[in-house]
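Have a look at the structure below, then the notes.
The values are calculated or read from the model by the stated rules, or taken from the named source; none is laboratory data. It should be emphasised that the depicted structure is a prediction, and the values quoted were computed from it without experimental measurement. As a convention, Cβ positions derive from the backbone with ideal geometry for all residues, glycine included, and neighbour counts pool all protein chains shown. SASA here: full protein model, heavy atoms, side chains in, ligands and nucleic acids out. Shrake-Rupley method; radii C 1.70, N 1.55, O 1.52, S 1.80 Å.
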Amino acid sequence: MNANHHESSDLSRTRITLRGPAELADALPFVLGFHPTDSVVLGALHGEHGRFGGRVRLGIPRSPREWASTADHLAECLVEGGERSGTRPDGIVVFLCQDPAAGETGRRVMERLRPFAQRLRTACGALDIPVYEALCISDGLYFSYCCPDTRCCPPDGTPLALSGTTVMAATAAYAGVQVRGSLRDMERRFQPPGGPQEEEQRTALDASAAEIVPRIIEDPEGEGRAEVRETTLSLARAVLRRFVNPTGEAGPAGRTGGSTTPRPAGGGVVSTAESDAADDALVETGEAAALILGLQDRVTRDRAAEWMEGWEGAAALRLWRVLARRCVAPYQEHAAAPLTLAGWTAWSTGDEPTARVALGLALDIDPEYVFARLLHQACNEGLDPESLRSCLRAERDSRIASDQAAPGASPRVRTRVARPQSSRQTLRKPVRRTGGAERRSSAGVRPGGPAAGKPGSGSPRRGGQRGTRSGR
């Protein structure tokens, strides 16, 4: 589930008055950062004027038997999260967003989901929080479950405003807020596209698994595991440079700069599909397989997490997307590592919508994946990623200093990525805890791994603990 109990964009500092269901429906994508396909969204309202606050989003359960428990859980999560932060909601708005199935109309979707909307209203009412409006958005129309006036909310629905024509859209554009497309489109960028190339990738994964897994698991002295770690990180650094300079030119010398967005000959920015296809072409099937298997080691994955800002962060996010798309059947569960790295890198570079999508997909694959759970919780609580970035820098500096002090160590040139000053305060607003030892903020996450300021500098120290499926 995605939750957000703070405002994270410049849009939050601009006062916009929303009047009626039409403007509420139009505002939803700008509040979330994407169009929430097949989702139920609850938004908290505060004060006399109904200021938007926290919100929670979850996929609409397919079985109506799950609607009651889902409604109770969502209402409790939103209200309890607000109470912990000292801002208990004064009201709630509900959105049910779902496209029609084959042969179904928008009105039919609205009627089918009416019992769910009613259950959400009663769940919020049981917590003494009124639902001011409940909307169903389907097939380019919005329907109100609360407004009885057919003049403004006819039973056949009202068309949504044309994209970019409303006051909310103009204000969002002025504030630099982007809507990243639909949730389905964002998820698709992390999933295998299908096609004949999948068989080639599956064969490469089989071959890499046969070579790498025994060296990680069966070596009692850890030498094979250390060799795999060093080989994986060296390969990852080499591949990372291609995403900055696909033509093979020398990469930036530890500096931030240069565009990492592919451009066509005419100079315009290409579509996401074309961009992803260009990124896929930069990584061979054998390289992708070796990286995917190597990242299953916890220490290797944590060291790769140090590529988190500047040109490294932009390039790394594209690389992790490629690796997630290469996790074809039956290797889907291996995507948890690159998805978590993508979520962390996106969050670290300020792209919270992408971070929540990537981390949500990682938890769909493995709900017990510890690193993803901690990052998802920290992102949802509105914590500043700088706390975790500081931990990663400290781990890297400590490791480099230790290597330099070791007898016979060759001198190294230490390069550091510039530390951007965060414009947001650290907000410690907890949401529903997910269990056990993982109940701590992102500052307590200490991935223990290195990467020099520039991929390719330095070599990892041998040793370390092998990651396990339950302790990642």
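Tabulated data for the structure shown
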item: Over the stretch 308-412, volume per residue of the alpha carbon convex hull, in Å³; result: 128 Å³
item: Ranked order, Tyr145, Tyr132, Tyr369 - accessible area, probe 1.4 Å, largest first; result: Tyr132, Tyr145, Tyr369
item: Distance (nanometres) between label positions extended 7 Å along Cα→Cβ at Val213 and Gln332; result: 1.8 nm
item: Quarter of the Cα convex hull surface for the stretch 96-168, i.e. its orientation-mean projected area (nm²); result: 5.9 nm²
item: Neighbourhood charge, 10 Å Cβ-Cβ cut-off, centred on Asp276 and excluding it, Lys, Arg +1 and Asp, Glu -1; result: +2
item: Packing-based order for 99-109, 201-211, using average beta carbon neighbours within 10 Å, highest first; result: 201-211, 99-109
item: The stretch 54-130: C-alpha gyration tensor shape, a/c 1.5 cut-off, then a/b vs b/c; result: prolate
item: Interchain or long-range residues, amide H under 5 Å from Gly91's placed H; result: Leu45
